[in-house]
Amino acid sequence: QVQLVESGGGLVQPGGSLRLSCVASGNIAAIGVMEWYRQALGKQRELVAKMPRSGLADIADSVKGRFTVSRDNAKNTVYLQMNSLKPEDTAVYYCHVWVMVINTHAFSDYWGQGTQVTVSS
């Protein structure tokens with residue numbers, strides 16, 4: 001019913017930047033909160049950023065001041081701009097989106113496939 005496709009990951013040196021994108025498609029009537037999570041090897045998945053349809057975004061303390069989350073509602077897309085990257089940012093990044101499917105009356109959540117971000121010299 002709904003697919004999330006992530007892109008933008010890769011290998012970058014410390015101090016570099018990447019921009020992740022997550023595009024939702026399918027039988028979408030509305031999209032609620034769009035989020036970014038990450039999971040480093042051997043670690044629990046953690047919330048990085050939360051972006052409501054309107055209003056203020058929430059950014060995790062670990063990335064505050066370096067990462068920015070935004071969304072384009074017309075394109076059903078959420079972005080994560082990652083600046084001043086550090087080795088500890090290395091992880092698989094997942095988008096997580098709440099979607100109301102056409103002809104339904106409740107939001108369901110969907111996960112992207114994940115995109116690898118590696119920060120290394």
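The values are calculated or read from the model by the stated rules, or taken from the named source; none is laboratory data. Everything numeric in this text was worked out from a predicted model, so none of it was measured. Using ideal geometry, Cβ is built from the backbone for each residue, glycine included, and neighbour counts are taken over all protein chains shown. Just the protein is used for accessible areas: all its heavy atoms, side chains included, with ligands, DNA and RNA removed. Shrake-Rupley method; radii C 1.70, N 1.55, O 1.52, S 1.80 Å.
One table, with the values for the structure above:
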{"quantity": "Straight-distance crosslink candidates among lysines, where the alpha carbon sits under 16 Å from Lys64 and sequence neighbours closer than 8 are dropped", "calculated": "Lys50, Lys86"}
{"quantity": "Rg ratio (alpha-carbon, reference 2.2 N^0.38 Å) - region 1-88", "calculated": "1.12"}
{"quantity": "Computed magnitude of the charge dipole of the chain (debye, nearest 20; Cβ of K, R +1, Cβ of D, E -1)", "calculated": "140"}
{"quantity": "Sum of side-chain charges, Thr77 neighbourhood, beta-carbon under 13 Å (Lys, Arg +1; Asp, Glu -1)", "calculated": "+2"}
{"quantity": "Förster-model FRET efficiency, 30 Å R0, Leu47 and Asn103, C-beta, rounded to 0.05", "calculated": "0.50"}
{"quantity": "Apportionment of accessible area to carbon and sulfur, the chain, percent (1.4 Å)", "calculated": "50"}
